[in-house]
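Peer 1: Please see the structure below; I have some questions.
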Amino acid sequence: MLTLNNQPLAKLNIFSLKGVQMKTFHITWITFFFCFFAWFGMAPLMKIAKEQLHLTKDEIGNIQIASVSATIIARLLIGRLVDKYGPRIIYTWLLCICAIPVLLIGTSNTYTSFLLSRLAIGVIGASFVITQFHTSVMFAPNIKGTANATAGGFGNAGGGAANFFMPMIASGFVGLGFCTKEDSWRFAMIFPGIMLLVCAFLYHRFTKDTPQGNYKDAGYKIDASKNSFLIAAKDYRTWILTVAYAACFGVEITVDNFAPIFFTDTFGASLSVAGMAAGIFGWINIFARPLGGIMADKIGKIWGFDGKTILLSVLLLIEGAGLIWFAKSGNIGMAIFMMFVFGLSLKMANGATYSLVPFISPVAVGSVAGIVGAGGNIGAMLIAFMFKKKAVLVQKDVITNGISNTKDFIDYTAAFTLLGYIILVIGIVVFVFRTITAKKKSALNVNTPIIE
């Protein structure tokens, strides 16, 4: 017989460790934090790796694309696997497998081996789907947006932490005499690799698939005969949220990857200054993404699914305008300020998007989360291609006119400005095609359970 202790929680108390729900919540976001830390651990160290491996701008563009492209397939696959086998065992295997390329990237000595390592590390981005699924089943519908956004926001801060701490970790290895400055990036990546293995142990040992227990336990039944991926894919609302997530999280990944080298190449900032400046963008996640989920839940209580969708479109419009202003900043101070402004709305949009995801289909939460999450990486990959294309076009001009300034290879201002206008268009599209027209009445009820 079910009791209150094995029911989804209707309240989120982030200072509590009581019950399997809150233990799972905290282990989930901490694990996701180190997944993001490992995923973007190389970003602030790319300047060192670029010089040692003699990487061109074009090759760096390929590496950035590789770092996000593998995540697309991984998220689609993970969503289905989680629906079928549960988050606990799938997360444990994901962490163990992805720790391997994180630990071994330091052995890369060529562009090809480095590229393949970054491609493999990108699989860790699928951790987001498991995080959102796990918080969805642990909390009641009235608080799902807040729980999902808080876990996602705390975890995403790992990207900012990587930008902030990885240069320090690299310097620490040099200071302790373990390596030279040129090899410091190789040793620094050992830390996130080890943390992934630690998190794998904690996740397997201390979490449960649901408040009722694990999928294999007698107290919980899952209908594995249903193809949750097809259920999610046939609902056009899934694809609207996918496009929206590409416009917010896709940009977040792009900034995580390009911000450090943007500040060094455009404003001549040092590696440490660029890392700390870019780190600000990641740290915003701690409060901005949760704020988006909280606002969405409050608006949802009054205006339902439609109100949440309107909030999402407004946040995207603010993000697009802020990104354009950021692109046209004339100095590093203004650039950092505008990065904070558009980053705030962007990360709130992330939270608002995943306040909607659990209500698309109660029997396909993992698959919906996987498809929408993959959309974020598809957006990041397409944006990276845009930067890479710009680099190739300008490089041709370099050959023609004899220009030798390497920072002219990528026109950051034009690329970010165009990206801002694209996001404005997507914000308008989300507003016009509000998903309320196809919203199922049963899922509008805040008392509807997420597990059937």
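Peer 1: Provide the convex hull volume over Cα atoms per residue for the range 1-117, in Å³.
Peer 2: For the range 1-117, the hull spanned by Cα atoms encloses 135 Å³ per residue.
Peer 1: Report the one residue of 341, 288, 264 whose Cα lies farthest in the direction of the positive end of the charge dipole of the chain (charges on C-beta: Lys and Arg +1, Asp and Glu -1; origin at the Cα centre).
Peer 2: So the residue we want is 288.
Peer 1: Along the three principal axes, how long is the chain when you take its alpha carbons, biggest first, rounded to the nearest angstrom?
Peer 2: Sorted from largest, the Cα extents of the chain read 73, 49, 37 Å.
Peer 1: What do the square roots of 5 times the Cα gyration tensor eigenvalues come to for the range 286-329, in whole Å, largest first, as semi-axes of the equivalent ellipsoid?
Peer 2: With the √(5λ) rule applied to the range 286-329, the semi-axes are 25, 13, 5 Å.
Peer 1: Based on the Kirkwood radius over alpha-carbon pairs, what value in µm²/s does the Stokes-Einstein equation return for the translational diffusion coefficient of the range 46-109 at 10 °C and 1.306 mPa s?
Peer 2: Rounded to a whole number, D works out at 114 µm²/s.
Peer 1: What FRET efficiency comes out for residue 56 versus residue 181 if R0 is 35 angstrom and r is the Cβ-Cβ distance? Round to the nearest 0.05.
Peer 2: 0.95
Peer 1: Take the alpha carbon atoms of the range 361-376, find their center, do the same for the range 147-213, and report the distance between the two centers in whole angstrom.
Peer 2: Centre-to-centre distance over Cα atoms comes out at 25 Å.
Peer 1: Report, in degrees rounded to the nearest 10, the 0 to 90 angle that the Cα long axis of helix 285-327 makes with the longest principal axis of the chain.
Peer 2: The two axes meet at around 0 degrees.
Peer 1: Within a Cβ distance under 10 Å of residue 170, other residues only, what is the Lys/Arg minus Asp/Glu net charge?
Peer 2: Result for the local shell: +1.
Peer 1: Here is a further query. Just from its helices, what would the mean residue ellipticity at 222 nm be for the chain, if runs of 4 or more DSSP H residues each count -39500 (n - 2.57) and the sum is divided by every residue, rounded to the nearest 500 deg cm²/dmol?
Peer 2: -25500 deg cm²/dmol
Peer 1: Spin-label point model (7 Å from Cα, Cβ direction): what's the residue 270 to residue 142 distance in nm?
Peer 2: It works out to 5.3 nm between the two label points.
Peer 1: Still on this structure, please answer the following. Past the 16 angstrom mark, what percentage of all C-alpha to C-alpha distances in the range 138-212 do you count?
Peer 2: Beyond 16 Å sits 66 percent of the P(r) for the range 138-212.
Peer 1: In nm, what is the difference between 0.36 nm times the number of residues separating residue 112 and residue 432 and their Cα-Cα distance?
Peer 2: 110.8 nm
Peer 1: In nm, give the distance between the simple-model label positions of residue 18 and residue 201, each being 7 Å from the Cα along the Cα-to-Cβ direction.
Peer 2: Label at residue 18, label at residue 201, 3.0 nm between them.
Peer 1: Taking H placed 1.01 Å from N in the peptide plane, check which residues at least 5 places from residue 9 or on another chain put their amide H under 5 Å from its amide H.
Peer 2: Answer set, sorted by chain and number: 139, 140.
Peer 1: Work out the length of the dipole vector of the chain about its Cα centre, built from +1 on the beta-carbon of each Lys and Arg and -1 on the beta-carbon of each Asp and Glu, and round it to the nearest 20 debye.
Peer 2: Once rounded to the nearest 20, the dipole reads 1080 debye.
Peer 1: Could I ask something else about it? How high is the relative contact order of the range 264-372, given as a whole-number percent (alpha carbon pairs under 8 Å, six or more residues apart)?
Peer 2: Dividing the mean separation by the residue count of the range 264-372 yields 33 percent.
Peer 1: Take 112, 417, 92 and order them by how many other Cβ atoms sit within 10 Å, fewest up front.
Peer 2: The most exposed by this proxy come first: 112, 417, 92.
Peer 1: Taking every eigenvalue of the Cα gyration tensor of the range 282-377, multiplying by 5 and rooting it, what semi-axes result, largest first, whole Å?
Peer 2: The three semi-axes for the range 282-377 are 28, 14, 11 Å.
Peer 1: So what is the relative contact order for the chain, in percent, with contacts set as C-alpha pairs under 8 Å and at least six apart?
Peer 2: 25 percent
Peer 1: Using 0.36 nm per residue, how much length does the chain from residue 168 to residue 73 gain when fully extended, once their Cα-Cα distance is taken away?
Peer 2: Separation in residues times 0.36 nm, less the Cα-Cα distance, equals 30.9 nm.
Peer 1: While we're here: Please list 139-147, 348-356 highest first by mean number of surrounding beta-carbon atoms within 10 Å per residue.
Peer 2: In descending order of packing, they fall as 348-356, 139-147.
Peer 1: Still on this structure, I have one more. Using the Cα centre of the range 180-290 as the reference point, and only Cβ charges (+1 on K/R, -1 on D/E), how large is the resulting charge dipole? Debye, rounded to the nearest 20.
Peer 2: Using only the charged Cβ atoms, the result is roughly 460 debye.
Coordinate-derived values only; no laboratory data. Bear in mind that the values here come from a model prediction, so they are computed numbers and not experimental data. Virtual Cβ from ideal backbone geometry, glycine too; neighbours counted across all protein chains shown.
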